[in-house]
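Data first, discussion second: the structure below is written as structure tokens.
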Amino acid sequence: MPATFASMEDVRDWLEGEERDYNAGVALYEVHGTSTVVRKLLALGETEFTRGKLLQALQQLVSTVPVVVPVPAPVAAPLPAPVAAVDPQRRDWFAERNYLHAQLGLVATDAERRELAFRILALGDLIAESYDQAAGRAPVPPPVGEPSPGLASIQDEGEIRRRLLNLRPQRSKLKTRPHRAADLAQVEADIYLLETKLKRDGGESQL
């Protein structure tokens, strides 16, 4: 007689019972067991050895019956998060920056390229700030720089302009390197001091 899921319950009940009657166990094996050798051994009567063999044989029967595992109900996938609307101002800044990048190799003079580069850097700052505002992050205040020693004593307009020509490209490079924020702060302090000198001395219109 083939074993079924329901008939195995009797075997499990016998194994979990306290008395474990030998004859009842042998009868269960006669119904569900398949080994002729074990059947002949159990028919010899109850001894410590045959009782142990009966227990082992019935445990093997139970262990070979597959356990039906309930299939969990499918879980609905969470709805995707709504896509945030594109900020129209930020979109315009991206478009302008891309356009200016394309123009860098087309302008005729270094002065024009420098002006475009300054605007590109400024647009990058505006874009980064707009993302911070959208995420609710407060912008980190930049470090405050001090002008280089001796710079305040320079009075010659030509020397001031020469230094500004060197400092402005440095500022552009440093703006792309956040880990050098302190150096950028000093360069900007130098530029501010020198530009202030020119404005004060009437050279503003020539910058």
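The values are calculated or read from the model by the stated rules, or taken from the named source; none is laboratory data. Here the structure is a predicted model, which is why all the values come from computation and not from measurement. Methodologically, a virtual Cβ is constructed for each residue, glycine included, from the backbone with ideal geometry; neighbour enumeration extends over all protein chains shown.
Does residue 106 count as in a loop (DSSP other than H, G, I, E, B), modelled with pLDDT of 75 or more, loosely packed, with under 11 Cβ neighbours inside 10 Å and not small (Gly, Ala, Ser)? Reasoning before the result, please.
Values: in a loop (DSSP other than H, G, I, E, B): yes; modelled with pLDDT of 75 or more: yes; loosely packed, with under 11 Cβ neighbours inside 10 Å: yes; not small (Gly, Ala, Ser): yes.
Considered against the rule, which asks whether it is in a loop (DSSP other than H, G, I, E, B), modelled with pLDDT of 75 or more, loosely packed, with under 11 Cβ neighbours inside 10 Å and not small (Gly, Ala, Ser), residue 106 comes out as yes.
I'd like the full set of residues that are more than 16 Å from residue 195 (Cα to Cα), at pLDDT 85 or above and either over 26 Å from the mean Cα position of the chain (by Cα) or surrounded by 11 or more Cβ atoms within 10 Å (Cβ to Cβ) (or both), limited to segment 129-177.
Once the filter is applied, which keeps residues that are more than 16 Å from residue 195 (Cα to Cα), at pLDDT 85 or above and either over 26 Å from the mean Cα position of the chain (by Cα) or surrounded by 11 or more Cβ atoms within 10 Å (Cβ to Cβ) (or both), segment 129-177 yields 172, 173, 174, 175.
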